[in-house]
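Everything on this sheet refers to the single structure shown next.
The values are calculated or read from the model by the stated rules, or taken from the named source; none is laboratory data. These figures come from a predicted structure and were not determined experimentally. Cβ placement follows ideal geometry from the backbone for every residue including glycine, while neighbour counts extend to all protein chains displayed. Please note that ligands, DNA and RNA were not included when accessible areas were found on the heavy atoms of the full protein model with its side chains. Shrake-Rupley method; radii C 1.70, N 1.55, O 1.52, S 1.80 Å.
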Amino acid sequence: MSVPLRGRGHCEADVLVVGTGVAGLTAALGAAGAGRSVQLLTKGELTSGSSPWAQGGVAAAMGAGDSPELHAADTVAAGAGLVDPEVAEIVARDGVLAIRRLVEIGAELDRGARGELSLGREAAHSRHRIVHAGGDSTGAELVRALGRRVAGHPRIRILEHAFAERVALGDGGVAGLVVRHGDGRRALHRASRVVLATGGLGQLYRYTTNPPEATGDGLLLAAAAGARLVDVEFVQFHPTALAVAADPLPLLTEALRGEGATLVDERGERFLAAEHPAAELAPRDVVARAIWRRQAQGHRVFLDARAAVGERFPRRFPSVFEACRSAGLDPRIEAMPVVPAAHYHMGGVAVDDRGRTSIGGLWACGEVSATGVHGANRLASNSLLEALVFGARVADSLDSHAGDRLRGRFEAASAAGCDARAAAPGLRREVRELAWERLGLERDRAGLELALARLSEAWLELPEGASEVRSLVAAATLLGAAALRREESRGAHRRADFPVARAEWRFRQFLEVELGARGPQCRFEPRPALEQVPA
Ligand code: SIN
């Protein structure tokens, strides 16, 4: 059955924003506030995605004795040599304004007795600077406050269950998006500005803290349109997911360690102090790998918050408390079993300091983008911050763009009528296991090559309509290729066969993608000569 494209008025807007997390909501509100008509698309519902799951908070230099300069310095230090210091400064400086804007739109942030913002501490931050809401429900509160504004805005049209399949290109750049709607119809949505805010790819891994929607769709969308990607090999594993039989795994926020909770093995022995002077508050990659190694030696690892949090647990960490209680645990009186799990993708669509990609008319913000602020290891609670800051910067840079003449015609496509989440469950499971084993906390050449060989076969096995599995296979392929090429260990990227950081690899790997019959093929930018690499 062929399906006609929908009417012009219905399918046309000044700006299309894909994704309704904090980045997408912020960009949509900013664009509409500047008088533009916006279509805001989500493959799920308005409140789907990773943002509402974010616990810890938003890092911002709001406290006495803190400054954006200190915050930027911590960000650079955590990023293992690959953070762009100018972007870190932008994010830290604009972050203070972003918090003020949140207050203006009615976000209810946690406060102390005198009405001052209550600031938590997380690993590798030199100050207490984590702004939080609802104890450990910061993302949910931000999405609530932003979502209420978006839902009431006369220039924003929200389209739920709308899967962006392809960026339509015209002579001058972006011309819109080909979108499959929940009832299976495909339509071309025309706009000369498209903002990708599609989130991350945590679902690529067997163990993750990310919701089912986090399948890396934006990476494939942008790559297929010819946009440059960068830092794709860097995936952050959160040290403390609750080790229970659940998928995804519940997150035990790092703020627990910020309050003094300790990591112990089954004998009650702490082991982090031997790994790093900051012990439990060492950078996230250090803590995650230390736990992983301990477990590989046959130990079990627990987060013990009995002394540090104790009876305050239900009030200070209500979401974590609820997750523990659902698993039959009481963290006031027993330690919580933990395991590292995929949590955040530092890499993504390469953007400049306004969120512009290498394709005219295409912007990206939030986890799908790679601004350069996270480097090889993101500092905790810098992601909601980056989403707020870059969502606003994207909206401010949507200047006129004329690339709206289509190159070629779009055929009216057949209705697949397929539930992307349910499609190809066996292949989805297999790819997630493969990624966990071969593209996970520790990688090596043999494992990466094996994974890439299987992924190119998997590409050929993808059934029609399995959009999410297609995204996962593509993301795994790009990640595997970038990880194979980076012959060193740096931040979250650990190669067993190249166990240390190497000076000649201190650069960000940019790549472009060609979609061939056997899946995505990467073309990497040539490696700079050693003398061109910053010391
Ligand atoms: C957490 O609450 O530990 C997560 C915060 C983050 O990933 O930035």
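Within the stretch 210-265, work out how many residues are within 13 Å of the ligand (Cβ to nearest atom) and either of a type outside the set (A, V, I, L, M) or assigned to a strand (DSSP E or B) (or both).
Of the residues in that region, 16 qualify.
Counting only residues that are more than 11 Å from the ligand (Cβ to nearest atom) and of a type in the set (Gly, Ala, Ser), which one in the stretch 34-50 is surrounded by the most Cβ atoms within 10 Å (Cβ to Cβ)? Walk me through it before giving the result.
Here is the first cut: in the stretch 34-50, the ones more than 11 Å from the ligand (Cβ to nearest atom) are 34-49.
Restricting the remaining residues to those that are of a type in the set (Gly, Ala, Ser) gives 34-35, 37, 44, 48-49.
Values: Ala34: 14, Gly35: 8, Ser37: 15, Gly44: 18, Ser48: 21, Gly49: 31.
Result: Gly49.
For the condition away from the ligand (no atom under 13 Å from the Cβ), surrounded by 21 or more Cβ atoms within 10 Å (Cβ to Cβ) and either of a type in the set (D, E, K, R) or in contact (Cβ under 8 Å) with a residue 12 or more places away in the chain (or both), what is the one hit in Arg190, Arg284, Arg186?
On the way: Arg190 fails: surrounded by 21 or more Cβ atoms within 10 Å (Cβ to Cβ); Arg284 fails: away from the ligand (no atom under 13 Å from the Cβ).
One residue alone meets the criteria, Arg186.
Looking at this structure, is Leu119 in contact with a His (Cβ under 7 Å, 6 or more places away or on another chain), of a type in the set (A, V, I, L, M, F, W, C) and buried (at least 22 other Cβ atoms within 10 Å of the Cβ)? Step through it out loud before you land on a result.
Numbers: in contact with a His (Cβ under 7 Å, 6 or more places away or on another chain): yes; of a type in the set (A, V, I, L, M, F, W, C): yes; buried (at least 22 other Cβ atoms within 10 Å of the Cβ): yes.
Yes; evaluated as a whole, the condition is true for this residue.
When you look at Ala60, is it touching a Cys at 6+ places or on another chain (Cβ under 8 Å), open to solvent by less than 10 Å² (accessible area, probe 1.4 Å), among the small types (Gly, Ala, Ser) and modelled with pLDDT of 95 or more, yes or no? Spell out the reasoning first.
Numbers: touching a Cys at 6+ places or on another chain (Cβ under 8 Å): no; open to solvent by less than 10 Å² (accessible area, probe 1.4 Å): yes; among the small types (Gly, Ala, Ser): yes; modelled with pLDDT of 95 or more: yes.
No, not satisfied.
Do we find that Val389 is more than 16 Å from the ligand (Cβ to nearest atom), open to solvent by less than 10 Å² (accessible area, probe 1.4 Å), over 18 Å from Glu233 (Cα atoms) and among the β-branched types (Val, Ile, Thr) in this structure?
Numbers: more than 16 Å from the ligand (Cβ to nearest atom): no; open to solvent by less than 10 Å² (accessible area, probe 1.4 Å): yes; over 18 Å from Glu233 (Cα atoms): yes; among the β-branched types (Val, Ile, Thr): yes.
Answer is no for this residue.
Based on what the data block shows, is Ala60 in contact with a helix residue (DSSP H, G or I) (Cβ under 8 Å, 6 or more places away or on another chain) and within 16 Å of the ligand (Cβ to nearest atom)?
Numbers: in contact with a helix residue (DSSP H, G or I) (Cβ under 8 Å, 6 or more places away or on another chain): yes; within 16 Å of the ligand (Cβ to nearest atom): yes.
For Ala60, the condition - in contact with a helix residue (DSSP H, G or I) (Cβ under 8 Å, 6 or more places away or on another chain) and within 16 Å of the ligand (Cβ to nearest atom) - is met.
Given the criterion open to solvent by less than 10 Å² (accessible area, probe 1.4 Å) and either under 20 Å from Val368 (Cα atoms) or not in a loop (DSSP other than H, G, I, E, B) (or both), identify the matching residue among Val195, Val167.
Testing whether each residue is open to solvent by less than 10 Å² (accessible area, probe 1.4 Å) and either under 20 Å from Val368 (Cα atoms) or not in a loop (DSSP other than H, G, I, E, B) (or both) leaves just Val195.
Could you tell me whether Leu439 is in contact with a Gly (Cβ under 7 Å, 6 or more places away or on another chain), touching a residue at least 40 places away in the same chain (Cβ under 8 Å) and surrounded by 15 or more Cβ atoms within 10 Å (Cβ to Cβ)? Break it down into steps so the answer makes sense when it comes.
Values: in contact with a Gly (Cβ under 7 Å, 6 or more places away or on another chain): yes; touching a residue at least 40 places away in the same chain (Cβ under 8 Å): yes; surrounded by 15 or more Cβ atoms within 10 Å (Cβ to Cβ): yes.
Here the answer is yes, as Leu439 does meet what is asked.
Only residues that are part of a loop (DSSP other than H, G, I, E, B) and either without any contact (Cβ under 8 Å) to a residue 12 or more places away in the chain or among the small types (Gly, Ala, Ser) (or both): list them for the stretch 472-504, please.
Listed by number, the residues that qualify are Ser489, Gly491, Ala492, Ala496, Pro499, Ala501.
Within the group Phe271, Phe237, which residue is surrounded by fewer than 23 Cβ atoms within 10 Å (Cβ to Cβ) and either under 13 Å from Val301 (Cβ atoms) or in contact with a strand residue (DSSP E or B) (Cβ under 6 Å, 6 or more places away or on another chain) (or both)?
The match here is Phe271.
List every residue pair whose Cβ atoms lie under 7 Å apart, where the two residues are 6 or more positions apart in sequence or sit on different chains, the first residue falls within the stretch 40-64 and is of a type in the set (Lys, Arg), and the second residue, located anywhere, is assigned to a loop (DSSP other than H, G, I, E, B).
Lys43/His161; Lys43/Glu213
Could you tell me which of the residues Ser67, Ser118, Ser50 is under 30 Å from His181 (Cα atoms) and at pLDDT 95 or above?
Working: Ser67 fails: under 30 Å from His181 (Cα atoms); Ser118 fails: under 30 Å from His181 (Cα atoms).
Checking each option against the conditions leaves just Ser50.
Return yes or no: is Ala279 away from the ligand (no atom under 13 Å from the Cβ), closer than 30 Å to Ala168 by Cα and open to solvent by less than 20 Å² (accessible area, probe 1.4 Å)? Quick ask: steps written out before the conclusion?
Numbers: away from the ligand (no atom under 13 Å from the Cβ): yes; closer than 30 Å to Ala168 by Cα: no; open to solvent by less than 20 Å² (accessible area, probe 1.4 Å): yes.
It is false that Ala279 is away from the ligand (no atom under 13 Å from the Cβ), closer than 30 Å to Ala168 by Cα and open to solvent by less than 20 Å² (accessible area, probe 1.4 Å).
Looking at Arg486, is it under 23 Å from the mean Cα position of the chain (by Cα) and over 30 Å from Lys43 (Cβ atoms)? Quick ask: steps written out before the conclusion?
Working: under 23 Å from the mean Cα position of the chain (by Cα): yes; over 30 Å from Lys43 (Cβ atoms): yes.
Spelling it out, Arg486 is indeed under 23 Å from the mean Cα position of the chain (by Cα) and over 30 Å from Lys43 (Cβ atoms).
Select from the stretch 488-501 the residues that are open to solvent by 50 Å² or more (accessible area, probe 1.4 Å) and in contact with a strand residue (DSSP E or B) (Cβ under 8 Å, 6 or more places away or on another chain) and write down the one among them that is farthest from Arg454 (Cα to Cα). Full working, then the answer.
Step one: filter the stretch 488-501 for residues open to solvent by 50 Å² or more (accessible area, probe 1.4 Å), giving 494, 497-501.
Right, trim to in contact with a strand residue (DSSP E or B) (Cβ under 8 Å, 6 or more places away or on another chain) and you get 494, 501.
On the way: Arg494: 21, Ala501: 28 Å.
This residue is Ala501.
Looking at Ala113, Ala168, Ala92 in this structure, which one is among the aliphatic types (A, V, I, L, M) and either modelled with pLDDT under 95 or touching a helix residue (DSSP H, G or I) at 6+ places or on another chain (Cβ under 7 Å) (or both)?
Values: Ala113 fails: either modelled with pLDDT under 95 or touching a helix residue (DSSP H, G or I) at 6+ places or on another chain (Cβ under 7 Å) (or both); Ala168 fails: either modelled with pLDDT under 95 or touching a helix residue (DSSP H, G or I) at 6+ places or on another chain (Cβ under 7 Å) (or both).
Exactly one of Ala113, Ala168, Ala92 is among the aliphatic types (A, V, I, L, M) and either modelled with pLDDT under 95 or touching a helix residue (DSSP H, G or I) at 6+ places or on another chain (Cβ under 7 Å) (or both), namely Ala92.
Return the total of residues in the stretch 81-111 being among the small types (Gly, Ala, Ser) and exposed (fewer than 15 other Cβ atoms within 10 Å of the Cβ).
So the count comes out to 1.
Could you list, in sequence order, the residues of the stretch 505-528 that are free of Cβ contacts under 8 Å to residues at least 60 places away in the same chain and assigned to a strand (DSSP E or B)?
Within the stretch 505-528, Glu514, Gly516, Gln521, Cys522, Arg523, Phe524 meet the criteria.
Here's the yes/no breakdown for (1) modelled with pLDDT of 95 or more; (2) open to solvent by 40 Å² or more (accessible area, probe 1.4 Å); (3) not charged (D, E, K, R):
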{"site": "Asp419", "(1), (2), (3)": "no, yes, no"}
{"site": "Ala422", "(1), (2), (3)": "no, yes, yes"}
{"site": "Leu427", "(1), (2), (3)": "yes, no, yes"}
{"site": "Arg445", "(1), (2), (3)": "yes, yes, no"}
{"site": "Glu449", "(1), (2), (3)": "yes, yes, no"}
{"site": "Glu464", "(1), (2), (3)": "no, yes, no"}
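Of all the strands (runs of 3 or more DSSP E) wholly in the stretch 289-371, which have at least 2 residues that are surrounded by fewer than 24 Cβ atoms within 10 Å (Cβ to Cβ) and at pLDDT 95 or above? First the steps, then the outcome.
Working: elements: 301-304, 336-345, 348-350, 362-364.
Qualifying strands (runs of 3 or more DSSP E): 301-304, 336-345.
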